[in-house]
Each structure stands twice: as structure tokens, then as C-alpha cells.
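The values are calculated or read from the model by the stated rules, or taken from the named source; none is laboratory data. Computed from a prediction, not measured in an experiment: that's the story for all the values here. Cβ sites come from the backbone with ideal geometry, for glycine too, and all protein chains shown count toward neighbours. Note: accessible area is taken over every heavy atom of the protein model, side chains too, but ligands, DNA and RNA are not part of it. Shrake-Rupley method; radii C 1.70, N 1.55, O 1.52, S 1.80 Å.
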Amino acid sequence: MKVEIQNHVEHLPSALNGMTVSSTHHDPHMLDETCLMLSNLLTRSNRMASKAPTICDGTANAVDAKLSEIDRELSISVITEEDTEPVLDLLKRFFFKDEPLNTYVQLGECKELEKYCTKSLGEHSSYKAVNSRGEIVGVILNGTIMKPQPGDEPPAKLADNCAHPKFRKIMALMDHVDEQFDIFELYPDIDRFLDCKIISVDTNYRGMGIAGMLTDRTLDYASRNGIKLIHVLCSSHFSARVMEKMDFNEVYRLPYADYLVNGEQVFDPEKPHVALRILTKRLDQ
């Protein structure tokens, strides 16, 4: 996920006055970590580091102009089938390009991924962040997974029916994880869980706590519907950090270096993305 940082220096605590973020190559991961650090430091004064895409250029006028475009009056609401096109538009501009595995394989346009992203919208368990202009600037896409019953046919492999060769590699990794880890064995008392499939936020709106707000609404939905467990598979280091801050716990980890096909490593995304992780949170404890 690509982010840069803008701070209103005159409002910073004295300990942060004069702090600068230098970058000659616009490293998005370093900037995202720095924004998290600044946000934590500013908590005591109830201020947050916000983000805009020009701070590293040192152009004050450009920063002010970009800030004026960011609408901070946000609302969180349920996603319906009518939102399919604007949701996909957001994902194509950000998630399809930013997600570490998509980036590594240079995924490009992928109808299979579009279908995967939108197949659970009819459950009305997914949420969007919308600014006052009606633009969707963040989404969390969820779906309910039911426990298999005796006699059920085993589910088809995700990669088997995938025509897109690059996306098939990602689906084969998901199949491998399913073979190695059974969440219903870990939690034998649950009959279903809510799977957080995708979290994506508009670059210009990152660092504003939107991912956390969307996750909070997801937790509320699960509680209201008697769902005891939330599950999220994180291919991104930063997504996993968000979940850990919300008291999710890691239950499975697969380093990318350990996933081999015919003896060769398949995925080697840029650091700090070094492992695929599953994190969960129980709501009945």
C-alpha cells in the first residue's frame, strides 16, 4: 500500500517539532510505518498524522492543494449489490495494484479476482467508507464460511477453474494453505466464521483510521448475527499490523520462502512482506 505523510507542524508536540521524513525513492512501506509511529505519538494530544502524496517533493502549495481535496467527513455503511461497480473501481485503482502478491506477479486485469471480490456482497456483511461527495474511499469485503458437514462433497480447488495464469498461482497458494490448516479443527466448537477477504483504502485517505473503522463495523455485524469468530488471511505485513492492533491473534504463518513448487520459490514480494498469515479474533470470550 502506497502512502505518504503530511503533518500540520504548528500543532505538533514539541518533541516532534522539526521532525522530517526523507525519501529519495518514495518508499511507501517506510512512509506507512512512519505515519503509524507519528499517529501513536500524537494520541495523547488527540491528533493524527494524515497523509498526502506530495510531502516528499517539499512543495508546500502542492501539499495544501492536495489536502483541500481530501474530504474528512466520512461515513461507514453496508455495501449492497448496487455498489458493485464503484467497489470494483476502488479495488482496481488500489488493491489490484498494491496487494503484495498481485504486485509480485504483475497481475493486471483479472476478471476472476473481480468475481472473487464481489461474490459475497449479497450477504450485506461488507462495509464501505464514503466521503461527503459520495465517493467510496475504503472497503472491507467479508463472507460467511460454514463448517462442512459429514457427507458434504469436498470443495473444488480454487486454482482448478482459474483461467488467469497469474491469478492461478495465487489461488494455488490459497489451496495449499487450506490443505495445511483447518480452522474448524482449531475451533471445533464453532459452526461458521466471518472471513475478512479484502481491506482496501484509497491512498489519499490512508492513515486516518479507516481500516480500523471498517473492521469495527465488521465486528459489530458478527456480534449482532451470533458469529463467534472473525478470520483474516493477510498477505500484507501492514494489513496484519492493523489486525494485531485490534487484538487479532496469529494462528498460522507460512513464510513465502517456504512455499515451493517443484523445488522453486513461487512468491518473493518486497519486504516487509515476508509471510502469509492467518489471524483470528473470538467474540465470545
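Key figures for this structure:
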| quantity | calculated |
| --- | --- |
| Selected residue (criterion: farthest from residue 89 (Cα to Cα)) from residues of region 137-170 that are in contact with a Ser or Thr (Cβ under 7 Å, 6 or more places away or on another chain) and not small (Gly, Ala, Ser) | 144 |
| Pairs with Cβ under 8 Å, 6+ apart, first in region 256-285 and under 23 Å from residue 184 (Cβ atoms), second of a type outside the set (Phe, Trp, Tyr) and part of a loop (DSSP other than H, G, I, E, B) | 259/266; 276/235; 281/246; 281/247; 282/228; 283/227; 283/228; 284/228 |
| Condition met for residue 132 (open to solvent by 70 Å² or more (accessible area, probe 1.4 Å), under 22 Å from residue 218 (Cα atoms) and in a loop (DSSP other than H, G, I, E, B)) | yes |
| Residue list for region 138-158, filter: modelled with pLDDT of 95 or more and more than 20 Å from the chain's Cα centre (by Cα) | 146, 147 |
| Residues of region 247-261 that turn out to be open to solvent by 90 Å² or more (accessible area, probe 1.4 Å) and more than 17 Å from residue 174 (Cα to Cα), as a count | 2 |
| Candidates 185, 135, 123, filtered to the one that is touching a Gly at 6+ places or on another chain (Cβ under 7 Å) and modelled with pLDDT of 95 or more | 123 |
| Selection within region 93-117 - open to solvent by 30 Å² or more (accessible area, probe 1.4 Å), part of a helix (DSSP H, G or I) and either of a type outside the set (S, T, N, Q) or within 21 Å of residue 142 (Cβ to Cβ) (or both) | 93, 95, 97, 104, 111, 112, 115, 116 |
| Filter result for residue 85 (open to solvent by 20 Å² or more (accessible area, probe 1.4 Å) and touching a residue at least 12 places away in the same chain (Cβ under 8 Å)) | no |
